[in-house]
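Just below is one structure, and these are the notes that go with it.
The values are calculated or read from the model by the stated rules, or taken from the named source; none is laboratory data. Note that the structure is predicted; figures quoted are calculated from it, not measured. Cβ placement follows ideal geometry from the backbone for every residue including glycine, while neighbour counts extend to all protein chains displayed.
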Amino acid sequence: MRDPRYDILFEPVPFGPLTLRNRFYQVPHCNGLGAGLPYSHAAMRGVKAEGGWAAVCTEILSIHPSSDSTPFPQVKLWDADDERSLRLLTDAVHEHGAYAGAELAHGGWAVANRYTREPLLSPTEIPSRRDPIQARAMDKADIAEYRRWHRRAALRAKAVGFDIVYIYAADDLELLQFFLSRRRNHRDDEYGGVLANRTRLLREVIEDTKDAIGDTCAVAVRITIDEMSGPDGICAGEEGRDIIASLAELPDAWDVKVSGWSNDSETSRFKQEGYQEPYACYIKQVTTKPVIGTGRFTSPDTMVSQVRRGILDVIGCARPSIADPFLPRKVEEGRLDDIRECIGCNICVSTYNLGAPINCTQNPTIGEEYKRGWHPERYRAAGSGDAVLIVGAGPAGLECAQALGRRGYQVHLAEAGRELGGRVLRESKLHGLGQWIRVRDWRVGQIEKMPNVSMYRESTMTADDVLAMEVPTVILATGATWRRDGFGRRNHKAIPAEPGAVMLSPDDVMDGGAIEGPVLVFDDDDYYMGGVLAETLRRRGLEVVLATPSPLVSAWTVNTLEQEKIQRQVLEAGIGVVANHNLVAVRAGSAELACVFTGRRHTVAARSVVLVTARRSNAGLYDALSDRVGQREMRTLLRIGDCFQPGTISTAVFGGRRVAEGLDMPMADIVGFRTEPVATERPLRPFVPELRTSDLRAAE
Ligand code: ADP
Ligand code: SF4
């Protein structure tokens with residue numbers, strides 16, 4: 001039963017010609033499925049609708065080939081094929097009683113049009129962000145064309161069955177934001193200069209859209225309220241408020257956020273839940289229309305507080321809805337401890353940035369709903385009555401245990417330590433990573449409710465212990481151990497160490513033993529560990545230098561939108577940074593670095609060297625058991641997570657789920673998942689391209 005203090009979250013909200021069934025709203029978010037995987041996209045959004053969100057929106061839908069985000073996966077609304085693909089999505093969302101929202105978008109000069117090769121468009125002639133080309137300044141004919149494309153896309157969205165149509169002016173990714181912003185708009189005609197001129201195009205597009213589809217569809221504007229770029233840009237409380245005040249009652253809803261993406265999708269390492277409130281707090285003062293906002297909301301108490309204090313009317317969630325598509329249903333049913341809270345790691349963002357379908361650390365089923373038939377809440381019944389022994393309660397073992405428990409297996413989970421969680425337990429104690437413990441907490445919470453899952457703490461299992469249990473299926477989740485010899489991504493042999501050299505691994509630092517400074521942290525891993533350990537050691541008062549063969553600190557975190565923030569924080573903490581240098585030797589009291597370009601060497605003082613390079617899978621138990629498979633005591637032996645393939649926490653969780661889902665299931669085919677059917681079949685035919693007014697004039 002729902003706790004009455006959350007009743008306010010289930011009040012209906014008038015929303016233009018529609019009424020939202022509650023205040024839970026899945027705002028647009030990218031997912032890397034793109035136009036090429038329409039069935040996966042539809043199934044993923046359909047599960048969200050099933051989870052109780054009042055509205056489920058797409059990500060950016062490009063309205064025209066002059067906005068082509070290749071190589072990033074994109075969804076588009078260019079032609080009848082796109083309409084057919086998106087119809088799958090609106091049907092899937094409507095099946096569960098939610099509204100479907102379409103985020104119409106044009107990337108202006110933020111895209112590169114590498115597939116379509118159309119010229120880039122911008123308010124002002126400006127170099128592209130990505131390629132050595134320039135965007136041209138739109139003339140009046142271009143502006144008229146753009147308005148026509150947008151109107152046509154709105155009509156298409158309505159025809160496809162979308163209930164909410166977005167006008168998008170946010171994320172520093174969108175033509176309309178570029179017109180609004182002084183930083184980007186240097187025009188001297190009626191579309192540039194004073195604010196009334198810079199808002200002109202947005203006003204026109206809102207009017208066009210309302211006119212085209214506003215009778216039955218709600219028209220929402222997603223807009224940047226602070227560009228986080230100082231007084232040159234849009235600032236909260238100044239132009240950010242004034243823009244909305246000047247258009248206050250024109251659209252049916254305002255969806256407000258800060259930009260760019262790294263400021264909007266902050267990780268838990270840098271910002272806590274509700275971090276956009278200082279920027280969004282004045283919007284309701286200037287409009288009576290519903291205000292939607294985000295801030296990695298996972299706590300219903302925080303959501304209630306936002307509504308009661310008049311900050312937001314509608315609780316926008318992207319990552320919280322990825323981590324738990326059933327969040328609203330769980331609040332409604334009074335099952336708060338079942339909510340799988342987002343940990344704010346941005347693995348979901350990283351997969352998009354890498355051009356791949358979405359992954360999530362907390363929810364291994366996201367993006368797998370169609371492909372593998374997984375569901376975040378429903379599990380296949382057990383394929384046999386066999387008991388299962390899982391050794392190791394890190395993220396892989398815990399996920400496997402909870403999923404097998406839900407399938408109905410008798411599960412025994414043995415863990416060497418007193419506390420559960422494995423690497424998550426250790427890493428969440430590092431500076432900034434506290435919320436990562438949610439990976440453990442949710443799984444342990446689920447397991448504790450299952451009478452068919454038994455946990456054995458402080459139970460280090462030997463091969464004899466395993467065999468003595470006589471459990472038919474044994475799954476090893478024994479994790480991995482950081483190397484101490486320097487072998488890693490760039491160095492495929494141990495780094496020479498002289499007598500007296502102190503070489504430590506990240507595990508040594510996490511164990512908390514005494515470490516003598518100055519410390520050299522050598523990061524050949526590129527993800528978070530090098531930067532986090534450098535900060536952790538610096539906070540212990542040690543002198544720290546971070547050296548890496550990469551040009552940037554924690555270079556891979558570009559994909560999680562954290563890199564600039566990490567490097568800034570590292571530098572501001574007084575940590576010395578030596579980029580583009582490999583570690584070539586360690587001595588007592590010093591280390592030798594070599595420039596990756598010139599090979600030129602130099603020595604840094606270091607009484608301790610922490611090597612963040614690679615991990616070895618803990619394979620001992622597997623090696624001791626592998627030739628006993630098939631005997632009476634043990635029929636099947638499997639490995640999951642880091643002891644099978646060291647990787648991220650996300651890959652460990654996924655690995656645990658993969659084996660749990662597949663146990664005793666017949667193999668469907670060689671890849672084990674469904675690929676996407678070809679959406680359309682049509683003959684090659686002569687094609688007459690659409691000409692734009694500006695092209696025609698150029699041809700005259
Ligand atoms: P993963 O990321 O794959 O889940 P972790 O390193 O996080 O791996 O977790 C592995 C867990 O396995 C740790 O908690 C560790 O204590 C436990 N473990 C390792 N070897 C044994 C063993 N022989 N018996 C019981 N537990 C073990
Ligand atoms: Fe949250 Fe991380 Fe999942 Fe993204 S990947 S939704 S940030 S838990």
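One line per residue, one yes/no per condition, for (1) among the aromatic types (Phe, Trp, Tyr); (2) within 12 Å of ligand 2 (Cβ to nearest atom); (3) free of Cβ contacts under 8 Å to residues at least 60 places away in the same chain:
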site	(1), (2), (3)
GLU277	no, no, yes
VAL291	no, no, yes
ARG296	no, yes, yes
ILE311	no, no, yes
ASN346	no, yes, no
Filtering the range 536-552 for residues that are outside any strand (DSSP E or B), of a type in the set (A, V, I, L, M) and touching a residue at least 40 places away in the same chain (Cβ under 8 Å) leaves a count of 1
Any pair with Cβ under 6 angstrom, 6 or more apart, that starts in the range 413-433 at a residue that is on the phi > 0 side of the Ramachandran plot and ends at one that is modelled with pLDDT of 95 or more and not in a loop (DSSP other than H, G, I, E, B): GLY421/ARG440
Residues of the range 416-432 satisfying the condition of being near ligand 1 (Cβ under 9 Å from one of its atoms), over 30 Å from the mean Cα position of the chain (by Cα) and not aliphatic (A, V, I, L, M): GLY417
Considering residues that are closer than 19 Å to GLY417 by Cα, in a loop (DSSP other than H, G, I, E, B) and touching a strand residue (DSSP E or B) at 6+ places or on another chain (Cβ under 7 Å), the number found within the range 435-478 is 4
Limited to the range 102-130, what total is found for residues that are touching a helix residue (DSSP H, G or I) at 6+ places or on another chain (Cβ under 9 Å) and either without any contact (Cβ under 8 Å) to a residue 12 or more places away in the chain or assigned to a strand (DSSP E or B) (or both)? 7
Selection count, the range 625-662, where residues are surrounded by 21 or more Cβ atoms within 10 Å (Cβ to Cβ), of a type in the set (A, V, I, L, M) and out of contact with any Cys (no Cβ under 8 Å at 6 or more places or on another chain): 3
With GLY367, GLY422 as the choices, which residue is buried (at least 24 other Cβ atoms within 10 Å of the Cβ), modelled with pLDDT of 95 or more, more than 16 Å from ligand 2 (Cβ to nearest atom) and within 30 Å of ARG296 (Cβ to Cβ)? GLY422
Examine the range 467-485 for a residue that is of a type in the set (A, V, I, L, M) and touching a Lys or Arg at 6+ places or on another chain (Cβ under 6 Å), and state whether such a residue exists. yes
With the structure loaded, tell me whether LYS284 is outside any helix (DSSP H, G or I), closer than 28 Å to LYS210 by Cα, of a type in the set (Lys, Arg) and over 19 Å from the mean Cα position of the chain (by Cα) or whether it fails that test. no
Mind checking whether some residue in the range 521-534 is at pLDDT 95 or above, away from ligand 2 (no atom under 16 Å from the Cβ), closer than 21 Å to SER590 by Cα and in a loop (DSSP other than H, G, I, E, B)? yes
Enumerate the pairs (first residue in the range 1-14 and touching a residue at least 40 places away in the same chain (Cβ under 8 Å) and loosely packed, with under 10 Cβ neighbours inside 10 Å; second residue anywhere and acidic (Asp, Glu) and in a loop (DSSP other than H, G, I, E, B)) with beta-carbon separation below 8 Å, excluding pairs fewer than 6 apart on the same chain, so at least 6 apart or on different chains. MET1/GLU333
Are there any pairs with C-beta distances below 6 angstrom linking a residue in the range 511-535 that is farther than 22 Å from ARG269 by Cβ to a residue that is in a loop (DSSP other than H, G, I, E, B), with the two at least 6 apart or on different chains, and if so which? GLU516/ARG607; GLY517/LEU542; GLY517/GLU543; PRO518/GLU543; PRO518/ALA606; LEU520/ALA606
Tell me which residues, restricted to the range 64-81, are outside any loop (DSSP other than H, G, I, E, B) and touching a helix residue (DSSP H, G or I) at 6+ places or on another chain (Cβ under 8 Å). VAL75, LYS76
Could you tell me how many of the residues in the range 254-281 are part of a helix (DSSP H, G or I) and either more than 20 Å from ASP324 (Cα to Cα) or more than 15 Å from the chain's Cα centre (by Cα) (or both)? 7
Restricted to the range 459-492, and to residues that are over 28 Å from the mean Cα position of the chain (by Cα), within 14 Å of ASP623 (Cα to Cα) and in contact (Cβ under 8 Å) with a residue 60 or more places away in the chain, which residue is surrounded by the fewest Cβ atoms within 10 Å (Cβ to Cβ)? THR462
Quick one: in the range 208-239, of everything that is surrounded by fewer than 15 Cβ atoms within 10 Å (Cβ to Cβ) and modelled with pLDDT of 95 or more, which residue is nearest to LEU176 (Cα to Cα)? ASP211
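Residues checked against (1) surrounded by fewer than 22 Cβ atoms within 10 Å (Cβ to Cβ); (2) in contact with a Ser or Thr (Cβ under 7 Å, 6 or more places away or on another chain); (3) not in a helix (DSSP H, G or I):
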{"residue": "ALA153", "(1), (2), (3)": "no, no, no"}
{"residue": "LEU173", "(1), (2), (3)": "no, no, yes"}
{"residue": "GLY192", "(1), (2), (3)": "yes, no, yes"}
{"residue": "LEU202", "(1), (2), (3)": "no, no, no"}
Report, by residue number, each residue of the range 425-463 that is closer than 30 Å to ARG540 by Cβ and within 16 Å of ligand 2 (Cβ to nearest atom). GLU427, SER428, GLY432, LEU433, GLY434, GLN435, TRP436, ILE437, ARG438, VAL439, ARG440, ASP441
If you check every pair at least six apart or on different chains, which have Cβ atoms under 8 Å apart with a residue in the range 621-645 that is of a type in the set (Val, Ile, Thr) first and a residue that is more than 14 Å from ligand 1 (Cβ to nearest atom) and assigned to a strand (DSSP E or B) second? VAL629/THR636; THR636/THR473
